[in-house]
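The values are calculated or read from the model by the stated rules, or taken from the named source; none is laboratory data. In this text the structure is predicted, and so the values were computed from the model without any measurement. Every residue, glycine as well, gets a Cβ built from its backbone with ideal geometry; the counts of neighbours run over all protein chains shown. These area figures cover heavy atoms from the full protein model, side chains too; ligands, DNA and RNA do not enter into them. Shrake-Rupley method; radii C 1.70, N 1.55, O 1.52, S 1.80 Å.
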Amino acid sequence: MDDSELYPIGDVARRTGLSVSAIRFYSDAGIITPTGHTDTGYRLYDVQAIARLELVRTLRELDAGLDDIRRLLDGETTLRDLATAHLALVERQARRLRVRSAVLRTIVRQHTPTEQVSLMHKLVSMSDDDRVQLIDQFWDEVSEGLDVRPSFVERLREVRPNLPEEPTTEQLEAWIELADLVRDDDFRRSVRTYLHDTYSTPSGRLMTAPATLGSIDKGAAIIQEAQVAHQAGVPEDSPQARDIADRFVTAIAEAAGSRATTEVRHRLAANLLVAKDLHETALQRAASGLTDAHGRYLSLVATINGTKAGVPVPYEWLAAALNAESRP
């Protein structure tokens, strides 16, 4: 293409992919004016004008407005500033589309009644402050009168949803369900009953004592270490596995106020295998929708936060490591 040559509008249309009428429109709107005209009045464009028309076409395909394009071509803004502003607009539009998708998917999946649609849209469109307030109100009600140390109540309240700035559709769907649940009187009553039945008892108060919780936290960290070793193929009777088993039984024994005897090791190993069966049953119940209210809360929070509901426990590996240590 010759820099000094002028091209008729038909050639420009073929080179830019724009229609002749579009090129005329941009000319009449003062966006890209012709470089010159023929003696008979036909518009002519040079290579710079053609390049600007190609830029206009690209920006229009990105939904940039004519006023913004005019300001860019007139030097009143930069391409970077225009792209930055337009990117923010596109991201807001994308978020709105994800919100709509989540609401529609929930309607399809749950056969939502007509009167619930506007409520779901309101729940998913909540501000960060509104979400915090809703969860605070939920925990205020379900923990009221719970006969445990205040520090444990705060520990319970820390498990809360934090919807990310750019949530996935799955996270939005989980938030719709959770926000709807924590507003439901029956759900609140179920969680409250579970917490009181579990923790407002002598054994529950012992389990929530600071020393006990510290030992449990320590045991959870060791379980995570055991899971890593198990996944790495570390043998159950290896020195590394026995060291993990040693520290685990000591932490659990301390939590119960006892010593890590051989009998305790055997009992703990047996309990781990029982816990494995209970865990598998719980997974089956969850898959069938037969999970408890508090468990559903934890599961939904994990989905919203993009985390796992808990550390996977290598029950059989850890039980074998405990028994291996006691072998002659």
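For Trp175, the stated conditions do not hold, so it cannot be described as of a type outside the set (Val, Ile, Thr) and over 30 Å from Glu91 (Cα atoms). Look at (1) open to solvent by less than 20 Å² (accessible area, probe 1.4 Å); (2) touching a residue at least 40 places away in the same chain (Cβ under 8 Å); (3) not hydrophobic (A, V, I, L, M, F, W, C) and you find that Gly36 fails only one, number (2). Taken together, the residues in the range 79-117 that are in a loop (DSSP other than H, G, I, E, B) and either closer than 15 Å to Arg183 by Cβ or open to solvent by less than 50 Å² (accessible area, probe 1.4 Å) (or both) amount to 1. The residues of the range 109-143 that are touching a residue at least 40 places away in the same chain (Cβ under 8 Å), closer than 24 Å to Pro202 by Cα and of a type outside the set (A, V, I, L, M, F, W, C), listed by number, are Glu141, Ser143.
Among the residues making up the range 145-175, those that are farther than 13 Å from Val124 by Cβ, hydrophobic (A, V, I, L, M, F, W, C) and touching a residue at least 40 places away in the same chain (Cβ under 8 Å) are Leu146, Val148, Phe152, Val159.
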